[in-house]
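What follows is a set of notes on a single structure, which appears directly below.
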Amino acid sequence: MNSQFTIGSVIGEALRVWVKKLPMFTALAGVCYLPYLALLFLGAQSAESQEPSAAVGLVALLFAPLFVLLTGMVTYGTVQHVRGLHAPLSKTFSVALGRLLPLLGVSFLVSLAVFVGSLLLIIPGFMVFLAFYVAAPVAIVERRGVVGTLERSNELTLGHKWSILGLVLVASLISTAITFSGALIIGLFGTMAPIAAMILMFTLQGAMMTFSCVLPAVTYYRLRQEKEGTTIDELAAVFE
């Protein structure tokens, strides 16, 4: 396999993994967000009745940990797939759950750093985002502490930040095109089956969310492959 880090090679590999694992990853997204969607529905009911509900607050509290858990599971599933191995659901869940707290810490610090950087100027915020783009895969695979994870992500992305920016922009265009096309099709038939249309829309959103998790995982592998000559078996030996 070509070890050169290019936008085309990373996007291509990420799309191949995502399409191959789409049923599993979408199902994981559905399971993760089922409690969130239930509370969201209860919150909407409460808003209509103008009665206070704890569900509204729980919706906001649940989103971050559920997304982080999904990120961990998709990252593990992606690494195993690139290795040519099957990732059992039980193992996928246990690995992600075991790294949930470090991932939450990393997610909080990255969000805070990007926010502070954006308050100063747009460019510093973008640079912080790019520096920490592979922080989640580092946390899952290398099992470093929160600060060590951020330092390692910055080290890996050094010299490739503009390529990663191009990668993110191309991926955003692909995601937007798929989401828009899917929404258009769903909208055409939504009046005939509104409940089915709503379920399909949530499924589409969940599928696209998993793509945003696959891409950093593939980016992480490609960066390590180019900079360190790391093979996929060496990369994933920590899971054994």
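Data overview
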read-out	value
Checking Gly166 against (1) in a helix (DSSP H, G or I); (2) without any contact (Cβ under 8 Å) to a residue 12 or more places away in the chain, the condition it does not meet	(2)
Pro35 vs. criteria modelled with pLDDT of 70 or more, surrounded by fewer than 18 Cβ atoms within 10 Å (Cβ to Cβ) and either more than 14 Å from the chain's Cα centre (by Cα) or more than 23 Å from Val110 (Cα to Cα) (or both)	no
Any pair with Cβ under 7 angstrom, 6 or more apart, that starts in segment 10-32 at a residue that is in contact (Cβ under 8 Å) with a residue 40 or more places away in the chain and ends at one that is of a type in the set (Lys, Arg) and part of a helix (DSSP H, G or I)	Val10/Arg222
Residue list for segment 92-112, filter: without any contact (Cβ under 8 Å) to a residue 24 or more places away in the chain and either crowded, with 18+ Cβ neighbours inside 10 Å or over 18 Å from Ser212 (Cα atoms) (or both)	Phe93, Ser94, Gly98, Leu101, Leu112
For Leu119: the one exception among (1) closer than 25 Å to Tyr33 by Cα; (2) assigned to a helix (DSSP H, G or I); (3) without any contact (Cβ under 8 Å) to a residue 12 or more places away in the chain	(1)
Residue match in segment 87-107 (condition: within 26 Å of Arg152 (Cα to Cα), modelled with pLDDT under 85, among the small types (Gly, Ala, Ser) and more than 14 Å from the chain's Cα centre (by Cα))	yes
Some residue of segment 163-177 being surrounded by 19 or more Cβ atoms within 10 Å (Cβ to Cβ) and under 20 Å from Ala29 (Cα atoms)	yes
Residue within segment 178-189 that is part of a helix (DSSP H, G or I), modelled with pLDDT of 80 or more and closer than 26 Å to Met73 by Cβ present	yes
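Per-residue answers, yes or no, for (1) farther than 12 Å from Tyr220 by Cα; (2) among the hydrophobic types (A, V, I, L, M, F, W, C):
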position: Ala139; (1), (2): no, yes
position: Glu142; (1), (2): no, no
position: Glu151; (1), (2): yes, no
position: Leu156; (1), (2): no, yes
position: Ser163; (1), (2): yes, no
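The values are calculated or read from the model by the stated rules, or taken from the named source; none is laboratory data. If you're wondering where the values come from, they're calculated on a predicted model, not measured in any experiment. Ideal geometry is used to build each Cβ from the backbone, glycine not excepted, and the neighbour counts take in all protein chains shown.
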